[in-house]
Amino acid sequence: MNKRVILSFLSGLLWAGFFVPISAQEDKSSQNTIVDAVALYNDGKWSEARSLLLPILSEGKENDAAYYYLGLCDIHLNDIEEAETFLRKAVDLDPHNFWYKYSLAGLYSSEGKTELTADLFESMLEDFPKRTQLYYNLVSIYASQNKIDKVLETLSEIEASSGKSEMVTLARYDVMMSLDKPDEAFRVLEDYNKEFASPQILAAMGDAKLSNYEDTLALSYYEEALSYDPDCVQALLGKAEVNRVMRRYPEFFSVAISLASNAEVMPQPKIQYISSVLQHMEPRLLSNYRPQLDSMVNACLLCHPSDTMAIEMAGSYYYNTQRSAEAKDCFRRNVDLNPESFYSRVMYVQFLAYAKLYEDLIEESEKAFEDFPDQLAFLDMKSIGYYNLGDFESLVKENERIVRIAPKDTSVTLRAYANVGDAYHLLGQTKKSFAAYQKALKINPQYVPVLNNYAYYLSQEGKNLRKAYSMSKITIEKEPDNPTYLDTFGWILFLQGKAVEAKPFFKHAMLHGGKESKTVLLHYAEVLYALGEDDLARVYENMAEKLK
């Protein structure tokens, strides 16, 4: 059950329900009570409104308005079953009231009761044939039921009632396309365009031709659309895309920069388009057209200086073009403009990690945790900063802090114990490292990162190889293609004097990224030397020497 869907459906037209007339049969006392309840409802005091309305019904009175507003109150209070009961009762008492039926239909729709919703809208059309919105509601329902004939029939009824319109034409076009009839679909647009000058229809015609790789023809439709409406977003985006596809970059940037700086164009579509262009542009072009790309991004940012999407888009662009200072300013600005936004804070902290600004990462992660104390992930980000700065003592303290404040025996404390174990190992304090790993494995005996590290460090100690073998075996059973885990298991076998058994695991690791690890390559070379395969061993040694 999606309460937001229900309330969204009831918004707009439904709020006219505040003015539903009270039945003339009601006594004056009931009328006054309902008026007071509606006032409370309008102020968002749904429980109080409900408390006023219930006594009316307890007196044995069949009051349709009371049932109606009780139903609306229960929707807001998320008692959907009771809301449906009250609204159905209101409809039964006054079956010709538009708002009663419309509200009940919205409730049915939110519950996925499409057949009941359709039946209700169809009955409403008999009483309210000029309510165009009902037809569109039915079109949506029929489309969800894949009743294409019904969709087309209802669209024709809309045209018969209200005349031709862009909305109906585009809906019919979409239906024809869904039936895989592109020629017939395009004729729908053409027929409308012969009678009416519509930038939206012309832009749709351009989109149709562009999708069919008829770039020149698409451009002509976009140009015609823009001759009627220079700010037609769909046509501007289409014209820019045609020029980009045709690699006419001067023309592309001319349109794109104009679009980006046009304050009449809503920010979301232009930002999404610019982001898509930046994401898919070849690195060579990113370099060759840097000034033009800068102008496009900056024009959008100047046009929408407080828009989160625009700022984030600009920050990502600067970061991907190796301008960390400019990127940092963007992500920082997002935080300053939206101090209560968890998302903006996350984006900034993640940027600092990617940009390797570890001191800033530590400072900002702590500030973020102070503002969002239930988000322990910010302390994890601090740990990343300490690790990359080589401050392993602070890394231990930070994760011990997480253990103290996090719920016990959870994935959070599990990861914290793992970090403590790794940090103590880096500090050369083996006993403390192994003690932390044991605490982690008490929470989850199958946690493969700890099992792998614990097993590998035991093998480096040259003792408890049987225990190391048992732990490492679990890791390759769970992740058989992980080159790090394969290396650990193969190396333990080698230390046990089983070079022949170890070789297949190293060969498998080579196929899954092991060649990118100097440690794995050197281990494999040593196994090969032990097997007398000196020439092949030297090949892997040489490969290791070329890696950092």
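The values are calculated or read from the model by the stated rules, or taken from the named source; none is laboratory data. Keep in mind it's a predicted model, so treat the numbers as computed, not measured. Here the Cβ positions follow ideal geometry from the backbone for every residue, glycine too, while neighbour counts run over all protein chains shown.
Residues that are outside any helix (DSSP H, G or I), more than 13 Å from VAL500 (Cβ to Cβ) and in contact with a helix residue (DSSP H, G or I) (Cβ under 7 Å, 6 or more places away or on another chain) within the range 527-548 comprise just one, LEU547.
If you go through the range 124-156 and keep only what is basic (Lys, Arg), more than 19 Å from VAL175 (Cα to Cα) and buried (at least 16 other Cβ atoms within 10 Å of the Cβ), you end up with just ARG131.
Take the residues in the range 89-102 that are outside any helix (DSSP H, G or I) and not charged (D, E, K, R), then tell me which one is surrounded by the most Cβ atoms within 10 Å (Cβ to Cβ). Selected residue: ASN97. Note on the range 283-329: enclosed helices (runs of 4 or more DSSP H) holding 1 or more residues that are β-branched (Val, Ile, Thr) are 290-303, 308-320. Here the condition is being assigned to a loop (DSSP other than H, G, I, E, B), out of contact with any Ser or Thr (no Cβ under 7 Å at 6 or more places or on another chain), buried (at least 17 other Cβ atoms within 10 Å of the Cβ) and without any contact (Cβ under 8 Å) to a residue 60 or more places away in the chain; of VAL255, VAL265, VAL242, it holds for VAL265 alone. The listed residues are ALA197, ALA260, and the only one of them that is of a type in the set (A, V, I, L, M, F, W, C) and farther than 30 Å from LYS164 by Cα turns out to be ALA260.
Restricted to the range 397-411, and to residues there that are assigned to a loop (DSSP other than H, G, I, E, B) and of a type outside the set (D, E, K, R), the residue that is surrounded by the fewest Cβ atoms within 10 Å (Cβ to Cβ) is PRO407.
Take SER58 and tell me if it is among the polar types (S, T, N, Q) and over 24 Å from SER140 (Cα atoms).
Working: among the polar types (S, T, N, Q): yes; over 24 Å from SER140 (Cα atoms): yes.
Here the answer is yes, as SER58 does meet what is asked.
Kindly indicate the residue of the range 412-433 that is assigned to a helix (DSSP H, G or I) and free of Cβ contacts under 8 Å to residues at least 24 places away in the same chain and also surrounded by the fewest Cβ atoms within 10 Å (Cβ to Cβ) among those meeting that condition. Step by step, filter the range 412-433, then rank; the result is LYS431.
Identify, from the list ALA197, ALA105, ALA185, the residue that is of a type in the set (Gly, Ala, Ser), crowded, with 16+ Cβ neighbours inside 10 Å, at pLDDT 80 or above and outside the structural domain of LEU72 (by TED's automatic domain parsing). Even if it seems obvious, please write down each step before you answer.
Numbers: ALA197 fails: crowded, with 16+ Cβ neighbours inside 10 Å; ALA105 fails: outside the structural domain of LEU72 (by TED's automatic domain parsing).
From the options ALA197, ALA105, ALA185, the qualifying one is ALA185.
Determine whether VAL520 is part of a helix (DSSP H, G or I) and without any contact (Cβ under 8 Å) to a residue 24 or more places away in the chain. Answer is no for this residue. Taken together, the criteria place LEU536 among residues that are of a type in the set (A, V, I, L, M, F, W, C) and either surrounded by fewer than 17 Cβ atoms within 10 Å (Cβ to Cβ) or not assigned by TED's automatic domain parsing to the domain that holds TYR457 (or both).
Does TYR447 meet the test of being hydroxyl-bearing (Ser, Thr, Tyr) and crowded, with 21+ Cβ neighbours inside 10 Å? Yes; evaluated as a whole, the condition is true for this residue. When residues in the range 131-160 are screened for being under 31 Å from the mean Cα position of the chain (by Cα) and of a type in the set (Lys, Arg), 1 of them pass.
Residues that are farther than 15 Å from TYR456 by Cα, touching a helix residue (DSSP H, G or I) at 6+ places or on another chain (Cβ under 7 Å) and assigned to a loop (DSSP other than H, G, I, E, B) within the range 494-517 comprise HIS512, GLY513, SER517, listed in sequence order.
Residue count for the range 68-94 satisfying the condition of being over 39 Å from the mean Cα position of the chain (by Cα) and touching a residue at least 12 places away in the same chain (Cβ under 8 Å): 5. If you go through the range 200-223 and keep only what is buried (at least 20 other Cβ atoms within 10 Å of the Cβ), hydroxyl-bearing (Ser, Thr, Tyr) and closer than 21 Å to LYS181 by Cβ, you end up with just TYR221. When you check ASN137 against the structure, is it in a loop (DSSP other than H, G, I, E, B) and closer than 27 Å to ALA208 by Cα, yes or no? Criteria not met by ASN137. Of everything listed in (1) modelled with pLDDT of 85 or more; (2) crowded, with 21+ Cβ neighbours inside 10 Å; (3) of a type in the set (Phe, Trp, Tyr), the single unmet condition for PHE121 is (1).
Yes or no: the range 438-445 includes at least one residue that is under 31 Å from the mean Cα position of the chain (by Cα) and either in a helix (DSSP H, G or I) or in contact (Cβ under 8 Å) with a residue 24 or more places away in the chain (or both). For the range 438-445, residues under 31 Å from the mean Cα position of the chain (by Cα) and either in a helix (DSSP H, G or I) or in contact (Cβ under 8 Å) with a residue 24 or more places away in the chain (or both): present. Please determine whether any residue of the range 35-58 is within 23 Å of PRO95 (Cα to Cα) and modelled with pLDDT under 80. Yes, because at least one residue in the range 35-58 is within 23 Å of PRO95 (Cα to Cα) and modelled with pLDDT under 80.
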